[in-house]
Amino acid sequence: MEDINDLSSSFQDYLLDILKLSNEKKVVRLKDIAEKRKVKMPAVNVMLKKMDKAGFIIHENYGYVELTEKGKELATQIEKRHKVLYEFLKDILNLPQEVAEKDAHKIEHDLDEKAIKNISAFMEFVDLMEKKFHTRKCFCFSYFSENGDLPTEDVCKTRLLLRFRDESKNSKSIER
């Protein structure tokens, strides 16, 4: 499998656009890609030739564009990377949807796969914590980002519904 980071961001964007178009339409044409990307058809043709030569698509002159299995796998991987970053920016860092979408697109091409996996693992951790302790996702960070200060222990106890060990033991770890 090709390493995503070895491909230009434009190449990755074309793969993703072709995947999205193929999910929306029965067939994908050069014209559809040009419209989606807001570029002229000759520019799309140049990229499609590169993609065809690299084995990511099948495209005959004036014919339909189809992702190969290799192209589908990579496009799906790119789509997953974007989704993880978008959700992290929106749900954890509390960015507005439009900003999260734009920023996820900017950074999705450059992050190492290990960074994506760790962000994904963190998101899973937050979800599990939310389910186990009935907390709002990253409430303390949300509070901090909105107020510029840490929430008080009383706020955490009330809002997070967490029980703390007896303070006489000088411990604030969560009861199990």
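The values are calculated or read from the model by the stated rules, or taken from the named source; none is laboratory data. Since the model is a prediction, treat every value here as computed from it, not as a measurement. Cβ: placed from backbone, ideal geometry, glycine included. Neighbour counts: every protein chain shown.
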- line: Considering residues that are within 25 Å of the chain's Cα centre (by Cα), modelled with pLDDT of 75 or more and of a type in the set (Gly, Ala, Ser), the number found within region 134-155 is 1
- prompt: From the list Leu48, Leu19, which residue is in a helix (DSSP H, G or I), of a type in the set (A, V, I, L, M, F, W, C), in contact (Cβ under 8 Å) with a residue 40 or more places away in the chain and not assigned by TED's automatic domain parsing to the domain that holds Lys102?
  reply: Leu19
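How many residues, within region 51-94, are more than 23 Å from Phe141 (Cβ to Cβ), of a type in the set (A, V, I, L, M, F, W, C) and part of a loop (DSSP other than H, G, I, E, B)?
So in region 51-94, the residues more than 23 Å from Phe141 (Cβ to Cβ) come out as 51-80.
Going one step further and asking which of them are of a type in the set (A, V, I, L, M, F, W, C), we end up with 51, 54, 56-58, 65, 67, 74-75, 78.
Within this subset, residues satisfying the condition of being part of a loop (DSSP other than H, G, I, E, B) are 54, 56.
Total meeting the criteria: 2.
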Residue in region 27-37 that is among the aliphatic types (A, V, I, L, M), without any contact (Cβ under 8 Å) to a residue 24 or more places away in the chain, in contact with a helix residue (DSSP H, G or I) (Cβ under 6 Å, 6 or more places away or on another chain) and not assigned by TED's automatic domain parsing to the domain that holds Lys102 present: yes
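Looking at Glu108, Glu130, Glu60, which is the one that is at pLDDT below 95 and loosely packed, with under 13 Cβ neighbours inside 10 Å? Steps first, answer last, please.
Working: Glu108 fails: loosely packed, with under 13 Cβ neighbours inside 10 Å; Glu130 fails: loosely packed, with under 13 Cβ neighbours inside 10 Å.
Result: Glu60 is the single residue among Glu108, Glu130, Glu60 that is at pLDDT below 95 and loosely packed, with under 13 Cβ neighbours inside 10 Å.
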task: Filter region 78-91 down to residues that are farther than 14 Å from Lys20 by Cβ and either of a type in the set (S, T, N, Q) or surrounded by fewer than 18 Cβ atoms within 10 Å (Cβ to Cβ) (or both) and give me whichever is modelled with the lowest pLDDT.
output: Asp91
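Of all residues in region 11-35, which are β-branched (Val, Ile, Thr) and surrounded by fewer than 13 Cβ atoms within 10 Å (Cβ to Cβ)? First the steps, then the outcome.
Residues of region 11-35 β-branched (Val, Ile, Thr): 18, 27-28, 33.
If the condition is that a residue be β-branched (Val, Ile, Thr) and surrounded by fewer than 13 Cβ atoms within 10 Å (Cβ to Cβ), then Val27 is the only one that fits.
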